[in-house]
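Worksheet: one structure, shown below.
The values are calculated or read from the model by the stated rules, or taken from the named source; none is laboratory data. This one's a predicted model, so the numbers in the text were calculated from it and none came from an experiment. Note: ideal-geometry Cβ built from the backbone for every residue, glycine included; neighbour counts use all protein chains shown. Accessible surface is based on the protein model in full, side chains and every heavy atom, while ligands, DNA and RNA are left aside. Shrake-Rupley method; radii C 1.70, N 1.55, O 1.52, S 1.80 Å.
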Amino acid sequence: MSTSTLVKLSAFAASFVSMVGFSTVLSVEPSYASIVNGGFETGNFDGWETLGDTSIETAAFGSGPTEGDFQALLRTSSSNEFQLEDFLGLSSGSLASLGNGNATDGSAIKQTFTAKAGQVVKFDWNFLTDELDFDDDPLSFNDFAFVSLTSLSELGDTSLSFMNSLTPFSDETGFEKFSYIIPTTGTYTLGIGVTDVGNRIFESGLLVDKVAVTPEPASILGLLAVSVLGAGSAFKRKQQHKA
């Protein structure tokens, strides 16, 4: 058998092994669902469940979006504390336990997804409020925004640094970033909300945009494919060098 024939057979074998290996990976790789409509670019809440006073806003609102043409707005003065906790699957008293005081009413959105350990849940948020300009003691009515994802935590409240807002609200924090590393592969529910504390006179709100789980599952498989096929090419080059 000639050297050139051996090289061709070796290249074919390497390519075959590479494709078999990759197809095997694909066949055993579970299906992981990314966040649906994380930028709200459908112009609605497709993929999300909502509770309370929620709407989709454009740049005409006066702040954001941070990506694309749309963003979500959540306002207080809607569903009460118990409805929020029930909607998000939180135990009774969870919102009050954050330490800002008794949550009176608010709004929330949520979405369930599956993710792999090491992936990162991210989104942009901007807390808005009228408490600072119109309330004599805004910290007595410390409205806050929060996120629930394996546990409940605060995003922001009226104790933060604010700037004058061009939105219907008097003040805003400006957009900040939230990120959370998925600890174990599984199914999760991301909940994002905002609530009044104490009184219902002065509203607060929360803008949300660019919700994502990164890297996307397709990106992980793409990198794996490049790695496997690259190994096959390296094997082919090695055989050619020997020949």
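List of remarks:
- Approximate spin-label separation T50-S159, in nm, with each point projected 7 Å along Cα-to-Cβ: 3.2
- The stretch 159-218 - Rg (one decimal) and Dmax (whole number), Cα, Å: 15.8, 47
- Take F70: with every protein chain present and a 1.4 Å probe, its accessible area is about 60 Å².
- Euclidean distance of C-alpha centroids, the stretch 46-102 and the stretch 169-199, integer Å: 9
- Remark: spin-label model distance S91-T150 equals 1.8 nm, labels positioned 7 Å along the Cα→Cβ axis.
- Ranked by the mean number of other Cβ atoms within 10 Å of their residues, highest first, the peptides 77-89, 196-208 fall in the order 196-208, 77-89.
- Given in Å, the Rg to one decimal and the Dmax to the nearest whole number for the Cα atoms of the stretch 96-204 are 15.1, 47.
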